[in-house]
Amino acid sequence: MTKFALASLVVTLFACGKDHGTTTDANNGGDGGNGDGAAIDDSAGPAQDASFTPGCTAPIPSNPQCSNCIDDDNDGVMDGFDPECTGANDNDEGSFATGIPGDNKDAVNQDCFFDGDSGAGNDHCNVHVCCLLGATTVQACPIGANQYDPTQCPPPIGNTPLDQRCDAFCGPLAPAGCDCFGCCTVCNATGCYDVITNPITSPNCDETTLQDPTKCHTCSKVTSCGSDPCGGTTCTLCPGQDPSTLPTSCGGSTTCPGGEQACVNAACPTGTYCASGCCIGIIQ
């Protein structure tokens, strides 16, 4: 099983409707910028796009798609500002899959979503997917019910706390708006939704289908690992969020929930990755 350096999952957060799933108000009624989660106008050319990926001055075709300074899926945003990039070594900018061998292999047992592999051996993170789906009984569990014991879930569903090593390893990698297991607040033009982004669990989920719970499974975050707040009045950009949608009380500036260096207008230090305005650590 290959271990790769990954940073944070990129999600968007704008004004949210409440038609489907779990929704979260991100910008106190703003309209979500250009309507597709982009941090820039879709008509912008490469030079303007590059200005929204600090450190990008020219394309680097040899790099993975999520760190090559190219808008590979032509959605108007690139790399750490694209809502479907999970980190620096993610090689699939057009979906929540990473294109990394050994990753996204288990629909039932969820480990750290941001470390580039499947399995809890290196991260000590392991919860049944139905803990994230909010199933309080075996009968309510739609995936892997024969392996499900609700009491083994972290609170509030169960009474089994996460291994502290999981939080120590994966917590710093989970971006604002996400827990360690890839339950993230993701938004598109219709609103913002708490969805499971693991592509093996929600195989038809992408930024265009967030409002469809049959394609993007609604989830409840495990708040004991990751889940820093973003959007709203926090002045912390959710990944992919247009900085202009922050409330006026933020004074045009952003903050990072863990004290990380901000990177909306500056490059990140070596060994970190600019994910939606904050320099996130990369596993070596």
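What is the packing order of peptides 144-152, 215-223, taking the mean over residues of other C-beta atoms within 10 Å and listing the highest first?
215-223, 144-152
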Whole-number percent relative contact order across region 59-197, with pairs defined as alpha carbons under 8 Å at least 6 apart: 14 percent
Where labels lie 7 Å past Cα in the beta-carbon direction, separation of V138 and N265 in nm: 5.9 nm
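When ranked by the protection proxy of mean other Cβ atoms within 10 Å per residue, highest first, what sequence do the peptides 177-189, 122-134, 199-211 form? Write down the numbers at each step before the final one.
Values: 177-189: 28.6, 122-134: 22.2, 199-211: 20.4.
For the peptides 177-189, 122-134, 199-211, the packing ranking is 177-189, 122-134, 199-211.
FYI, it's all coordinate maths here, none of it is from the lab. The shown structure was predicted, so the numbers you read here are calculated from the model rather than taken from an experiment. Heads up, the Cβs are rebuilt from the backbone with ideal geometry, glycines too, and the neighbour counts pull from every protein chain shown.
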